[in-house]
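S.K.: Handing you a structure now.
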Amino acid sequence: MKILNSLIRYYPAIGGVEDYVKNLSELLVKKGHDISVITSNSAVHQRYEKLDTVFKEHIRGVYVSRHRPCALSFKKYLLIPGMLPDICMREVDIIHGHSYMYCSADSALLASKIKRKPFVFTPYLSGINNPSFFGRAYRKIFGNALFNADCVIVISPYENQLVHDWGFRP
């Protein structure tokens, strides 16, 4: 099966989501699946500091395509214009978007609709529930669509409760 993961940063960037997707991707490669990762070349959270890496590479059997974020990013929301077209160009069976309130999940969702492919979403929510104006607008525009994915994967019972507390009914 051809599976595409879309996330904001990927190995060698360090973080929980980065490690989770790296481990998941490498495990799926070992099981015989064709795994692609579409990501940014950002190295750290909430600011642009680029990785010293190539833009297209194979890391332990996982095809990784990196894109530069746009200079017009909002706080932690990095705009990555090359991500959506890159996802749309790929022949895949499943598109998996990672991280709520990041353009990687939004691009994956839009690409799944354009390509008419199943969309899997893993939100990685924290307990903070006092969204800013941007956060409230985002929830209305993208939030419901993301949680109406073909499959929503939560990483803990706590996150499952947050999904429902925030008003989403996946």
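S.K.: So what's the gap between the Cα centers of region 108-159 and region 14-28, to the nearest angstrom?
M.R.: 19
S.K.: Separate question: Once neighbouring chains are kept in place and the probe is 1.4 Å, which whole percent of the accessible area of the chain is contributed by carbon and sulfur?
M.R.: Details: 5130 of 8900 Å².
Of the solvent-accessible surface of the chain, carbon and sulfur hold 58 percent.
S.K.: Right, something else. Sorting check: for 105-116, 133-144, 9-20, which peptide has the highest mean count of neighbouring beta carbons within 10 Å, and how do the rest follow? Before the final figure, lay out each step's value.
M.R.: Details: 105-116: 20.2, 133-144: 13.8, 9-20: 17.8.
The packing order, highest mean first, is 105-116, 9-20, 133-144.
S.K.: Highest first, please rank the peptides 153-159, 83-89 by the mean number of other Cβ atoms sitting within 10 Å of their residues.
M.R.: On the way: 153-159: 13.3, 83-89: 18.4.
Order by mean packing, descending: 83-89, 153-159.
S.K.: Before I look further, what does the chain give for accessible area per residue, probe 1.4 Å, in whole square angstrom?
M.R.: Values: 8900 Å² over 170 residues.
In whole numbers, the chain has 52 Å² accessible per residue.
S.K.: Something else now. Would you calculate a helix-derived [θ] at 222 nm for the chain, using -39,500 (n - 2.57) for each DSSP H run of n ≥ 4 and dividing by the full residue count, to the nearest 500?
M.R.: On the way: 6 runs with 54 residues, N = 170.
About -9000 deg cm²/dmol.
S.K.: Show the residues, 5+ positions off or on another chain, whose built amide H is closer than 5 Å to the amide H of residue 59.
M.R.: Hits under the 5 Å cutoff: 64.
S.K.: May I pose another question? Take residue 19 and residue 134, extend 7 Å from each Cα along the Cα→Cβ direction, and tell me the distance between the two endpoints in nm.
M.R.: Label-label distance for residue 19 and residue 134, simple model: 2.7 nm.
S.K.: Under the 0.36 nm per residue contour assumption, what length would be gained going from the current alpha-carbon distance of residue 156 and residue 91 to full extension?
M.R.: Working: separation 65, 0.36 × 65 = 23.40 nm, distance 3.12 nm.
Roughly 20.3 nm would be gained on extension.
The values are calculated or read from the model by the stated rules, or taken from the named source; none is laboratory data. Fair warning: this is a prediction, and the values are worked out from it, not measured in the lab. Methodologically, a virtual Cβ is constructed for each residue, glycine included, from the backbone with ideal geometry; neighbour enumeration extends over all protein chains shown. The accessibility values were calculated without ligands, DNA or RNA, using every heavy atom of the protein model including side chains. Shrake-Rupley method; radii C 1.70, N 1.55, O 1.52, S 1.80 Å.
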